[in-house]
Each structure stands twice: as structure tokens, then as C-alpha cells.
Amino acid sequence: MERKKAIEVQNVAKSFGTFQALKGVSFDIYDNEFFTMLGPSGCGKTTLLRMIAGFESPTSGTIRLHGRDILDQPPHKRRVNTVFQSYALFPHMTLEANIAFALENLGWEKARIRDRVAQMLDLVHMTQFARRRPAQLSGGQRQRIALARALASEPEVLLLDEPLSALDLKLRQAMRDELRALQRATGITFIFVTHDQEEALDMSDRICVLGAGEVQQIGAPNEIYEDPENRFVADFIGETNFLPAEVVSVEGDRATVTTPLGPVTTWHKGAVAGAPAMLSLRPEKIGMEDQAQGHALHGTITGRNYMGGYTHYTVTVNGIELRVSKRNAVSHGASLAVGAPVRLAFRPDSARVLAR
Amino acid sequence: MSWRDFRIWGLAPAWVIMALTLVLPIAIVVLVSLSTRGAYGGFDWGLSFDSYAKILFEEDWDGNLAFTPQYLAIIGRTLWLAGLTTLICAVLALPAAYVIAQAPARWKAVLVYLVTLPFWVSMIVRVYAWIIILGNDGVIEKTLRGLGLVTDMDSLLFTNGAMLTGLVYSYIPLMILPVFASIEKLDPALIEASHDLYGSRWVTARRVILPLTLPGLMAGAVLVFVPCLGAVLEPILLGGGKTMMMGNLIQTQFGGGRNWPFGAAIAVTLMVLVMVFLMLNALRARREVGHA
């Protein structure tokens, strides 16, 4: 079944003077999707979001909302609402009035507005605070009201501009689950912008990785993490070891490369026989001592960072430094000292060959 | 010296200056207003409320007091002109301040400087300029004649309109600056949020920008309204003494009228009006804070 497109971004480019913030990006966002635009600061993700909201216009290209070109519509005509990074709650209005604002502008009847405001306050568990003002709320509560305000009119798309970045760690964790639940409950398309890859992996149906003004990869969180399209994605999402590699042969999706750790045959993206490439090998894919399985290696521990649940080791193998993370499966288990020899192994299928 | 001592003694110079330049003169004015008119001008110390009574009542040749509205009319006109000036300044200052606040950083400083520019020229010169503009054979009249729009017109000078023009012109910078300051403090995300939530430009101006710049508007209102109540130059030069305001009424009593106690009584009345206005404003501001 063909899914309905909520947003179509087509060849959208944006220049600020000589700086090209977006170099002609295209992608579709489907109805009822939790779609995340992820990238480092300056990658153009916020610019894209502001274009969909109507606060900025592209230098070229089009943006469609449910099939209609919206670029000539001012922000207040677009059935799209934003949760701002700073929340931007109106400080002179009560929470009720903040939520009612959009509905009043749409010309809803008083009784209907009252019902909807009550319903939204209930949805975000803030009913008892209805008459308060934003200044009297905590960060998490403001966040909830900003969400309730933006969702009240049932916009066709909800835009979220790094809404969790102002919250502390614990709260951020809880809000992720709440956001996801809210998206499922309302069925509204969420477009979420963040530079935090963990947030993106946790919440999204699909992630669009943006880098240097271009789409680097679009896919489900596990696709983005396990099968990165290129070096940028492999590097930006999670941690990885990049090993220099020479491509010996390519057979369909699989390539054989020589590396300082010996020959490896695995899945590849863009490898060409005879050309130099990279082998990306994530720290948790390398087993150590009792966890070691697959392609065996011997090395020496040169660094150690205890993280509680995990210990991150730096191991030198054949003159190459590898980052290895070991799950601390047993409390007060035997710890490996710096300088100790160590047995490592990885499954070749878990590594990826990427074009250099 | 402890912090506590410093708070007391550190303020001493300020207290002395305030006592000498504010409290003492006001006390003298109050005492003069309670005195009686001297035979040869000046005043004789005393304790009488005759001068205050004179504001409302006229003594005829037989010594009977009869109500007279002539001074009340001047007080009324003063309040009316000051209020109208404040309102016009506010209406003109809002868009001007908004434009300045939206201007790029390097233009902002220039525009703020331009707003304060009139203060670099003597007030008398600036008000005099309006005589040239509004007067008989002045710029406006000549232009209108030249265009053939009028053949014969009443003088624009020496009218309430002329005074109002002069007052608005003189005090509008005092409105623009605080309004500009409060617009600049306004988080632009709030304006975007209003547009985002289907608020048109008009809705955004009325429901977001105006309420959030109200503190600046109120500060500007105080800065414009209070000096307008005591304005002297505009009524003298542009009102021509035909239409009086409290400021030049007081001036006349101390000058040509040679009735110091009466002049002082009007001055005290003016001061009380100002204080009532400021207190109402402070009460409103406190209520506002209580709400926030």
C-alpha cells in the first residue's frame, strides 16, 4: 500500500551570501511518521524546519504539504505548528490562554475551545496548572505546555526544534518516551530536529542524516547505525574504528579488503576493486577474552575508561589502536590492566567496508 | 566600616543633595503658597489658604466669593493636552521603535542616535522653529498658498493645535526610547510563535507585541505626561499667551502677575497632580508584577 506523503521536499537549496546552507535536498515524509532530521550544527536541519514552518524561504526548490505547494503561504496560513527550542510560551498569558491562542485565531467557538483546552491539558497531565503562567513552571512542564499548545489545533504536521535540549538528562529521557507516546496517541506527523544521535535512534521511525547541506542517508534507526551509507554517517552516528583498507575484490554487495587486522570479507558501500577504502568496526562489535568470537586478534591494552555498565578499552593490535567496549557482565569481574596482553575477536559480517 | 554602616553613610552625600535641592525648595514653595501677597510684590509669611481658594473662587469688590472656572479651565486644558500628547507620542513611537528594533545592529545605533539628536539643540531654538513653520507667512501657509489650495487661512500659530504639535515634537524621543528598549527585549521567537499559531500581523501586534511592550509604554507615558503638565515654553511661544497651560500660568504669577503665593499654590497643585498620576502608575505596575 502506498503511504500518503505529508511533506515533499524537492531540490530545496538555501544560500546565505556565498555560504550554501542547503545544496538541493529532496526527501518525502509520510503521514503519521516520527521523522527526525539529524546532523551536526550548521548542517541545515533547522533551516529546513523553519522553511516548512514558513519563517524562511528556500533560494530554490519547492516544499509541498499534502500535495499543495506551501511556499507562497505565510506562516499563519500553514496548518503546521512548531515546538520551539525555547518553548516561546507567551509569558503574559495563562497556560489555558496559551493553548487557546491558536484555536481563537482559527475562529473556533468558545465552548469548543474550552473543551479542547481541557482535553489538551489532560493529555499532558497539566490540568491543575491551567491558570498558572509560564514563569511559574519547571522546564519539563513548559515543554509539555508547548506541546499541548502546538498540538491543540491538530496541525497536519508538528515541527519540533531541538525541544529536549534545555532539559536535564533524567527529564530528557522521560520526555523521549512521552513524545513518542504523544505521537502515537495523536497520529500527527512529527518532524523532529536534533543533533543528539541517541535521541534520534530512540524515537524515530526514520532518520534523515544531514551533513554539509546534503542528505547523507535516510533510513530506520538500525539501518542508519548498522549499514551507514558513507564515512560521515558511520562517524556521526555512534562510535566506530576506521581502519585503512585496500579493496581486493568486489562481488555484488560484498567486498574483500586487506586491513592491518588481516583480510576481511563483508558488506560494502561504494567499494571499487583495487581502490583504497575504509573498514568501519564499532567498539561493541569487538569481543574481548571470554566475549571474543570470530576473526581472532591479539593485542595489548593501552587505555581504559570505566563507565559503569561498560568499560571502554583502547587496545593496540598490529600497530593500530582499536577502541573496544566490554560489557561488565559480572560485578567486580576480573579487570584488565593497562599493559596486559588481550585476546580479541570480531565477526567480519559486523564490519562495513566504506568508500574512503 | 561594616556593610550596614556603609549603607547608611554611603548614602549620606545623596541625602544631603536631595535635602538641599529637592526637599528644601519644595518646602519653601509650600510655605509661600500659604503666605499672603506682599504689598510690593513678593510675599509676607503667613498661614492662609486664600491662594488655593483663588484657584476656584473669585472675590468680588464686596469681598464675596464666587465660583470661577477660568483657572480650572487652564488645569483642564493642561491635563487634556498632556494626555493627548502622551497618546499621540505612544501611537507614533510604537511603529518607530519597532522599526529601530528590527534594524540591523549597525543601523540600530545610528537610529537611536538620530532619535536623541533634537536634545543636542536648545529647546528654545527647536520650539522657535515651529513658529517659523506654523506662523503667518510660515512654511506651511506659503506652501499651501503656492499650491493654490488656500487663499486665506486662519493662523495655525497660537492655537491648542500648535501647542500640541510642539509638545509631541519635544517629548516623543522620551517615548520612543523606553518603547524601543522593551521591544528589543522581546524574544523574537514569541512573534514567530504567534504567526505559527495562526496569528496574523494584526493579532500578533495586538495580543503579543503590545502587551509585552506595555511596561515600556507606561515608562514612556510617565516621561512624556509629567513634563507636559509643567510645560512652559510651548504655551508661551506656540500658545502665544492666549491659551494658557499651568506652566505659563505659574510663570506669569511669579513674573508679571507678581502674585507669588498664588503661583506657588498652582505649582503645589500641579505637583499633587503629578504625584497622583505616578502613584496610580506605580500601583498598576505592582498589580502587573503580582499577576506575572
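Relative to the compact globular guide of 2.2 N^0.38 Å, what is the alpha carbon radius of gyration of chain A, as a ratio? Before the final figure, lay out each step's value.
Details: Rg = 24.3 Å, N = 356, 2.2 N^0.38 = 20.5 Å.
Dividing the Cα radius of gyration by 2.2 N^0.38 Å gives 1.18.
Can you tell me the orientation of helix B:123-134 relative to chain B, as the angle in degrees between its alpha-carbon axis and the longest Cα principal axis, to the nearest 10?
80 degrees
What base-10 log of the normalised intensity I(q)/I(0) is obtained for chain B from the Debye formula, alpha carbons as equal point scatterers, at q = 0.07, 0.09 Å⁻¹?
Log10 of I(q)/I(0), two decimals: -0.39, -0.63.
Can you compute the label reach from A:Gln20? Point 7 Å from Cα along the Cβ direction, backbone N cut-off under 20 Å, restricted to region A:44-86.
Those under the cut-off are A:44-49, A:51, A:57-63.
By how many degrees, 0 to 90 and rounded to 10, does the Cα axis of helix B:70-102 deviate from the longest principal axis of chain B?
Approximately 20 degrees, to the nearest 10.
Could you give P(r) for region A:276-315, binned at 5 Å from zero, as whole percent values over all Cα-Cα pairs?
Taking every Cα pair in region A:276-315, the percentages come to 6, 16, 27, 28, 14, 7, 2, 1.
Tilt of helix A:169-186 relative to the longest C-alpha principal axis of chain A, in degrees (0 to 90, nearest 10)?
60 degrees
Once amide H atoms are placed 1.01 Å from N in the peptide plane, what residues at a sequence separation of 5 or more from A:Thr302, or on another chain, have their amide H within under 5 Å of its amide H?
Residues meeting the criterion, in which the H sits 1.01 Å from N, are A:Thr314, A:Val315, A:Thr316, A:Gly339.
Quick one: grab Rg to one decimal and Dmax as a whole number for the protein assembly as shown, Cα atoms only, in Å.
37.6, 127
What ranking do B:Arg258, A:Arg144 get, fewest neighbouring Cβ atoms within 10 angstrom at the top? Let's see the in-between values first.
Values: B:Arg258 16, A:Arg144 24.
Fewest-to-most ranking of B:Arg258, A:Arg144: B:Arg258, A:Arg144.
Give, in nm to one decimal, the length gained when the segment between A:Ala212 and A:Ala273 is fully stretched (0.36 nm per residue of separation minus the Cα-Cα distance). Walk me through the numbers on the way to the answer.
Numbers: separation 61, 0.36 × 61 = 21.96 nm, distance 2.79 nm.
Taking A:Ala212 through A:Ala273 to full extension adds about 19.2 nm, to one decimal.
Considering Cα pairs under 8 angstrom that are at least six residues apart, work out the relative contact order of region B:73-291 and quote it in whole percent. Let's see the in-between values first.
Working: 222 pairs, mean separation 57.7, N = 219.
Over region B:73-291, the number comes to 26 percent.
How do the peptides B:112-118, B:143-149 rank, highest first, by the average count of neighbouring beta carbon atoms within 10 Å per residue? Show your work: numbers first, answer last.
Numbers: B:112-118: 13.9, B:143-149: 10.0.
Result, highest mean first: B:112-118, B:143-149.
Report the one residue of B:Ser122, A:Gln73, A:Ala6 whose Cα lies farthest in the direction of the positive end of the charge dipole of the protein assembly as shown (charges on C-beta: Lys and Arg +1, Asp and Glu -1; origin at the Cα centre).
B:Ser122
Tell me the chymotrypsin sites (Phe, Trp or Tyr not before Pro) within region B:1-97 that lie in a loop according to DSSP and have at most 13 other beta-carbon atoms within 10 Å.
Here the sparse-neighbourhood loop sites are B:Tyr40, B:Trp45, B:Phe49, B:Trp61.
Just tell me the longest site-free run in chain A, where the sites are GluC sites (Glu not before Pro) in a DSSP loop having at most 13 other beta-carbon atoms within 10 Å. Each step should come with its number before you reach the end.
Working: sites that count: A:Glu2, A:Glu109, A:Glu239.
Excluding the exposed sites themselves, the longest stretch runs over A:110-238.
Quantify how strongly other chains surround peptide A:72-80 by giving the mean number of their Cβ atoms within 10 Å of each of its Cβ atoms. Let's see the in-between values first.
Details: counts 0, 0, 3, 8, 10, 3, 3, 1, 1.
Counting other chains' Cβ atoms within 10 Å and averaging over A:72-80 gives 3.
So which residue, out of A:Ala100, A:Ala21, A:Ala88, gets the largest mean-square fluctuation from a GNM of chain A using Cα contacts under 10 Å as springs?
Greatest mean-square fluctuation among the candidates belongs to A:Ala88.
Consider just the alpha-carbon atoms of region A:239-355 and return their Rg together with their Dmax, both in angstrom.
14.8, 48
Determine, for A:Arg254, B:Arg287, the number of other Cβ atoms within 10 Å of each Cβ, and report the residues in order from fewest to most.
Working: A:Arg254 15, B:Arg287 9.
In order of increasing Cβ crowding within 10 Å: B:Arg287, A:Arg254.
Given springs between every Cα pair under 10 Å in a Gaussian network model of chain B, which of B:Leu249, B:Leu190, B:Leu72 has the largest fluctuation?
B:Leu190
Could you work out the relative contact order of region A:5-231, using alpha carbon pairs under 8 angstrom and six or more residues apart, expressed as a whole percent?
Numbers: 424 pairs, mean separation 66.2, N = 227.
Normalised by residue count, the contact order of region A:5-231 is 29 percent.
What is the average number of partner chain Cβ atoms found within 10 Å of a Cβ in B:198-204? If you can, show how the numbers build up before the last one.
Details: counts 15, 6, 4, 2, 0, 4, 2.
Per residue, the number of nearby Cβ atoms from other chains is 5 on average.
For region B:103-238, count all C-alpha to C-alpha pairs, find those more than 17 Å apart, and express that count as a whole percent of the total.
Working: 6417 of 9180 pairs.
So the portion of pairs separated by more than 17 Å is 70 percent.
Please arrange A:Met37, B:Met279 by how many other C-beta atoms lie within 10 Å of their C-beta, fewest to most. Before the final figure, lay out each step's value.
Details: A:Met37 29, B:Met279 10.
Lowest to highest Cβ neighbour count: B:Met279, A:Met37.
Just B:Ala265, B:Ala39, B:Ala97 to compare: in a GNM of chain B, with alpha carbon springs under 10 Å, which one fluctuates most?
B:Ala39
Could you work out the mean count of beta carbons from other protein chains within 10 Å of each residue's beta carbon in A:84-90? Don't skip to the answer; put the middle values down first.
Numbers: counts 6, 1, 4, 2, 10, 3, 8.
Mean shielding by partner chains, rounded to a whole number: 5.
Any of A:Lys5/A:Lys110; A:Lys14/A:Lys77; B:Lys108/B:Lys185; A:Lys269/A:Lys326; A:Lys14/B:Lys108; A:Lys14/B:Lys185 with alpha carbons more than 25 Å apart? Name them for me.
Working: A:Lys5/A:Lys110 33 Å; A:Lys14/A:Lys77 22 Å; B:Lys108/B:Lys185 14 Å; A:Lys269/A:Lys326 28 Å; A:Lys14/B:Lys108 27 Å; A:Lys14/B:Lys185 29 Å.
Going by Cα-Cα distance, A:Lys5/A:Lys110; A:Lys269/A:Lys326; A:Lys14/B:Lys108; A:Lys14/B:Lys185 fall outside the 25 Å limit.
Only the coordinates and a few stated rules stand behind these numbers; no lab work does. From a predicted model like this one, the values you see are computed outputs, not experimental measurements. Here the Cβ is made from the backbone with ideal geometry for all residues, glycine too, and neighbour counts use every protein chain on show.
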